[in-house]
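Note sheet for the following structure.
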Amino acid sequence: MIPLKSPEDLRMLKRSGEILAGIMEKLQVVVRPGMTTLDIDLLSEELIRKENAQAAFKGYQGFPGTACVSVNEEIVHGIPGERVILDGDIVSIDLGVNYKGFFSDMAVTLPMGKVDGNKLKLLNVTKQSLDIGIKQAKVGNYLTDISHSIQSFVEAQGFSVVRQFVGHGIGIALHEEPEVPNFGRPGLGPLLKNGMVLAIEPMVNLGGWECKVIKNGWTAVTVDGSVSAHFEHTVAVTDKGPVVLTKY
Ligand code: MG
């Protein structure tokens, strides 16, 4: 974790988050059944370029896309390609922006057309679990107070939390220490301090928590084939409470 050094750093990071949230807002209006996941990627790339920012994921450890686009049973790290989005699918879009060396990271899962009730509940619960986790990102709490609050809520709703992928510190690099799990006991890990910035990102499955990475070496899917949702915000821990930098 690299704590922010000055109010100016926080201002720049806020700008990065605003740009990203604005792009996500635009994508949500446009993305619909019939598009390919590559269409979403190309649009994301264009929107980031228009803001004079850079795609933080492209080329990161060799990732080929601007966005991670994960459909239905895909949890995270879907590689944009020829897959066509169908009516009834849920589509997770995960996007990272580098604005003048300041990184923000955000994900949403969108319902496409007519989506069944179970999937809609999954989206609502995952989004709510992110909000619940964010409330725990306050000075004086321990890191895993966030983790525990997310897991407790999700499991009480009958869903499961992915273990293999976790949130992370962020700021002047895309991925910084510490890891931010979405499960575990409370009261552990570093004490949260003013100036820490975390990407909190619950990944929640309709079925079991187990996941595997498919042959492309990137895309994580549920082992039981159940659908999965993912919501993420970049959040600053401040003396005035948690500040969501990717709010829209
Ligand atoms: Mg992230």
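Which residues' amide hydrogens lie under 5 Å from the amide hydrogen of MET203, considering only partners 5 or more residues apart or on another chain, with H built in the peptide plane?
Distant-sequence amide H within range of MET203: VAL162.
Remind me, what semi-axes does the chain give for its equivalent ellipsoid, largest first in whole Å, using sqrt of 5 times each Cα gyration tensor eigenvalue?
26, 22, 15
Any idea what Rg and Dmax come out to for region 153-202 if you just take the C-alpha atoms, in Å?
Cα-based Rg and Dmax for region 153-202 come out at 12.2, 37 Å.
If Lys and Arg each add +1 and Asp and Glu each add -1, what is the summed charge of the other residues whose beta carbon sits under 10 Å from the beta carbon of VAL69?
For residues surrounding VAL69, the net value is -3.
If HIS233, HIS175 are ordered by their accessible area, calculated over protein heavy atoms with a 1.4 Å probe, which sequence runs from highest to lowest?
HIS175, HIS233
For the chain, what is the mean residue ellipticity at 222 nm derived from helices alone (per DSSP H run of n ≥ 4: -39500 (n - 2.57); sum divided by total residues; nearest 500 deg cm²/dmol)?
So the helix-based figure for the chain works out to -9500 deg cm²/dmol.
When you count, for each residue, the other Cβ atoms within 10 Å and take the mean per peptide, how do 87-99, 194-206, 210-222 rank with the highest first?
Sorting 87-99, 194-206, 210-222 by mean packing, highest first, produces 194-206, 87-99, 210-222.
The values are calculated or read from the model by the stated rules, or taken from the named source; none is laboratory data. All figures in this text were calculated on a predicted structure; none of them were measured in a lab. Cβ coordinates were reconstructed from backbone atoms using ideal geometry, including for glycine residues, and neighbour counts include every protein chain displayed. Accessible surface areas use protein heavy atoms only, side chains included; no ligands, DNA or RNA. Shrake-Rupley method; radii C 1.70, N 1.55, O 1.52, S 1.80 Å.
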